[in-house]
Structure formats: structure tokens, C-alpha cells
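The values are calculated or read from the model by the stated rules, or taken from the named source; none is laboratory data. Quantities reported herein were computed from a predicted structural model and do not represent experimental measurements. Cβ placement follows ideal geometry from the backbone for every residue including glycine, while neighbour counts extend to all protein chains displayed.
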Amino acid sequence: MTFQTSQDKLVRVKTTKPDPGSTPEQSIRLTINGQPRTFQGNPSLETVLDVLGANRKHVALVLNNAVLPRDRWSDAAVKDGDSLDILVMAGGG
Amino acid sequence: MTASPSITDPLLLGEQAFDSRLLLGTGKFSNAGTMCRAVQASGARIVTVALRRFNPERPDDDLAGPLAALPGITLMPNTSGALTADEALKAARLSYELCGSRLIKLELHPNPHHLLPDAVETFEAAQRLIKDGFQVMPYIPPDPVLAKRLEEIGCVSVMPLGAPIGSGGGLAHAGMLELILRDARIPVIVDAGLRAPSDAAAALEMGCDAVLVNSAIAVADDPPAMAEAFAEAVKAGRKARRAGLMSRHGGASPTSPLTRFLGVP
């Protein structure tokens, strides 16, 4: 695990393969839009979006309180305890 | 959209030219279909949108799809929901991720009772957003001093309120708007409070460059028809402004000859 600067926050970037000792049965707990959710295995960020049914093209993300630009999604790992906010376009004046 | 010779009398915002002086908000519509028909009927080229949290129970419930189907529309996200300059910056960055638009309607209104803009946080947020490369259109109280300060730091327009958001109060501060207009060198767009197409016409006649309308159209019995009515009023008001309105004066001035010719000599 290394760190890179993204906007004004540090974001974890996946640089190593998962711990070989991990088992497929493991799960992680994420806080999605303020609500706790459990995900099986060690899902990527994009897998989390797919599991939730979010259209990847129509959402913007905040990971642990920092805006996560779209071009960083594939590099960003989520881990147990992370907070993810998913935003969509809504009506407004 | 860039400046095009086919656009006569364009609304210029930064480097961009738009051939409508009616901006439309997308809130409060009963459904996305009605909203889209209203956008088309309005002829608006700039449409505002907001952010909200994704709802896993309704994964397809967002406006990105319906709005993408409308040709010739530029999306202008707002920062609604932000209470501070920090939050407004975050909202703007998220909006850029969603819309790819650097045009941002900066609105910071922390008090839900009146939704009046927080001038201090708005000014700070505008400075920081401009530094980040955004084209900032701040929603402001009708304050000529603040409007000038925002122009000086590089905002592409100012958006003084006509009356509180959703109030239908019309041009409640026309005198202050006139003071803003007298010195402004960037477009002045009346945002919020307009109720009737005549309010929009009056704003354009006064010299405002455009109006942003949402509630008055969205809550009408027939939103597309009201959108069309506002579009016509905006065009009439602008045409009247360019044609040159006569000056007001206290006394009467006859339009017909007053020479006596019916009296018995």
C-alpha cells in the first residue's frame, strides 16, 4: 500500500495483490451514503458500484471525505471501515 | 457552445455564447418527462441541476439520462446543499465529475427559513473556485457593492435574487437591481423569486441580461406552456430594452393634436 496525493487528501492506492492469507469468505463493512453495508470478499470500488446498481457513468464519488476523480477509480481500493458517498444528478434551480 | 455568427444578440458568459436569455431550473417538476418538455418549450440553453445522494432502492432515478437526450443544452450545476465555502468547493468538484462543466452556479444559503445567500462564504468560495478554474455564477443578495467585488475577482456573471427562492415575490428589489446594472460589466442574471412572465419581461426591460426561472414554471398547471410564456416574455423584454424605452416623466404629453377645431367660433 502506498499513498498518492489526490485533491487535498491522501488516498490509498492499491499497489500490491491481496494478502495471500485472505479467504474468499471474508467481508468488509463500508458506510455507503451514511448507511452501513457489508460486502463479501474484497471488492473493488467499481464492483461496489455494480453491486449497488449504480450507473458508473452517472455518479460522482467521495471516498473518506475526499472527492475521488473518475480517472482514479480503478486504482482506488476500498477497505473495511471506509466511507463512500455516491452522488447523482438531481433536479435543482 | 462557442460564439457563433448565427447567434444574434448572444448572452455571453466568459468565452461562451448562448442564444437564450432564459435559464431554467430543473427542481420541483412532477416528473422528468414534464421537465424535459418544459426545457424544450423554454428554448433555454442553460439548465441548472443539483446533486443528491444515490438511492440504491431507485438506481435509475437521476436526471443525467433524460437531460443527455436534450440537444443543445449546457448543464450548470449548482452548489445547493453547501453551507460553507469548503462545502461549495466540494460540491463544485463533484459536479465537474458528473457534468464535465466548469460553469458553476454558486449558491450558499444556510438558513432554510429564507434561503438568503451568505455573502461572506459566497465571496470566499468564489475566489477559491475561480482559482480552481471554474466559471463562477454566484447567487447573491441584490447588493451593488458585493456584485462589483465579485466582478472584480473574475466571476462570469452575478445572479442577484428578485425575491427569496420559490416565493413568487417578483422583482421585490428593483431599485437595488438598477444600481447593480448601472455599474456592472458582466451579465446580471436575476435568479429566484420570479412568478409571472411579466416579471421576467420587466427584468429584461430594466437591462438585466437574463433570468433564471424554476418554481414558476415547474409548479404551473401546464409547465411546458408556462415555459413558452416565459420565453416569449424574455424575448419581448430584451427587444424592448434594445429598442429604447421612453423616459418617464410626471406630466402628460399628448399623442394627438390638441388644436381646437370643433368649437363654435
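Being crowded, with 22+ Cβ neighbours inside 10 Å and part of a loop (DSSP other than H, G, I, E, B): is that true of B:Ser30 here?
Values: crowded, with 22+ Cβ neighbours inside 10 Å: no; part of a loop (DSSP other than H, G, I, E, B): yes.
The answer is no for B:Ser30.
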* **Among the candidates B:Leu150, B:Leu146, B:Leu171, residue that is crowded, with 17+ Cβ neighbours inside 10 Å, assigned to a loop (DSSP other than H, G, I, E, B) and away from chain A (no Cβ under 14 Å)** => B:Leu171
* Structure fact -> Taking the stretch A:71-93 and keeping residues under 28 Å from B:Leu67 (Cβ atoms), within 13 Å of another protein chain (Cβ to nearest Cβ) and small (Gly, Ala, Ser) leaves A:Ala90, A:Gly91, A:Gly92, A:Gly93
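State which residue is surrounded by the fewest Cβ atoms within 10 Å (Cβ to Cβ) when the search covers only the stretch B:83-96 and only residues that are more than 14 Å from B:Gly133 (Cβ to Cβ) and touching a helix residue (DSSP H, G or I) at 6+ places or on another chain (Cβ under 7 Å). Spell out how you get there, then give the answer.
Residues of the stretch B:83-96 that are more than 14 Å from B:Gly133 (Cβ to Cβ), as a first pass: B:83-88, B:90-91, B:94.
Going one step further and asking which of them are touching a helix residue (DSSP H, G or I) at 6+ places or on another chain (Cβ under 7 Å), we end up with B:84-85, B:88.
Working: B:Thr84: 15, B:Ala85: 22, B:Ala88: 29.
My answer is B:Thr84.
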* Tell me, yes or no, whether the stretch B:125-138 has at least one residue that is under 16 Å from B:Val47 (Cβ atoms) and either under 18 Å from the mean Cα position of the chain (by Cα) or surrounded by fewer than 21 Cβ atoms within 10 Å (Cβ to Cβ) (or both). => yes
* Criterion violated by B:Pro187 - all others in (1) in contact (Cβ under 8 Å) with a residue 60 or more places away in the chain; (2) closer than 19 Å to B:Ser95 by Cα satisfied -> (2)
* Any chance the stretch B:208-228 includes a residue that's under 30 Å from B:His109 (Cα atoms) and of a type in the set (Ser, Thr, Tyr)? -> yes
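Residues in the stretch B:200-213 that are surrounded by fewer than 24 Cβ atoms within 10 Å (Cβ to Cβ) and either out of contact with any Leu (no Cβ under 7 Å at 6 or more places or on another chain) or assigned to a helix (DSSP H, G or I) (or both): how many?
Let us first name the residues in the stretch B:200-213 that are surrounded by fewer than 24 Cβ atoms within 10 Å (Cβ to Cβ), namely B:201-202, B:205-207, B:209.
Subsequent filtering for residues that are either out of contact with any Leu (no Cβ under 7 Å at 6 or more places or on another chain) or assigned to a helix (DSSP H, G or I) (or both) retains B:201-202, B:205-206.
So the answer is 4.
Please find, among B:Gly25, B:Gly43, B:Gly33, the residue that is of a type in the set (Gly, Ala, Ser), at the interface with another protein chain (Cβ under 7 Å from one of its Cβ atoms) and out of contact with any Phe, Trp or Tyr (no Cβ under 9 Å at 6 or more places or on another chain).
B:Gly25
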* Asked: Is one or more of the residues making up the stretch B:194-208 more than 15 Å from the chain's Cα centre (by Cα) and basic (Lys, Arg)?
  -> no
* Filter result (crowded, with 18+ Cβ neighbours inside 10 Å and either among the polar types (S, T, N, Q) or not in a loop (DSSP other than H, G, I, E, B) (or both)) within the stretch B:180-199 -> B:Ile180, B:Val188, B:Ile189, B:Val190, B:Asp191, B:Pro197, B:Asp199
* Structure fact -> Residue hits (the stretch A:45-70; touching an Asp or Glu at 6+ places or on another chain (Cβ under 9 Å), surrounded by 13 or more Cβ atoms within 10 Å (Cβ to Cβ), of a type in the set (S, T, N, Q) and more than 8 Å from chain B (Cβ to nearest Cβ)) are A:Asn64
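May I ask you to list the residues in the stretch B:33-62 that are surrounded by 19 or more Cβ atoms within 10 Å (Cβ to Cβ) and modelled with pLDDT under 90?
Passing the criteria: only B:Asp62.
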* Asked: When you look at B:Val156, is it under 22 Å from B:Glu15 (Cα atoms), in contact with a Gly (Cβ under 8 Å, 6 or more places away or on another chain) and either outside any loop (DSSP other than H, G, I, E, B) or acidic (Asp, Glu) (or both), yes or no?
  -> no
* Structure fact -> Restricting the stretch B:68-95 to residues that are over 19 Å from the mean Cα position of the chain (by Cα) and within 26 Å of B:Arg37 (Cα to Cα), the one farthest from the other protein chains (Cβ to nearest Cβ) turns out to be B:Pro71
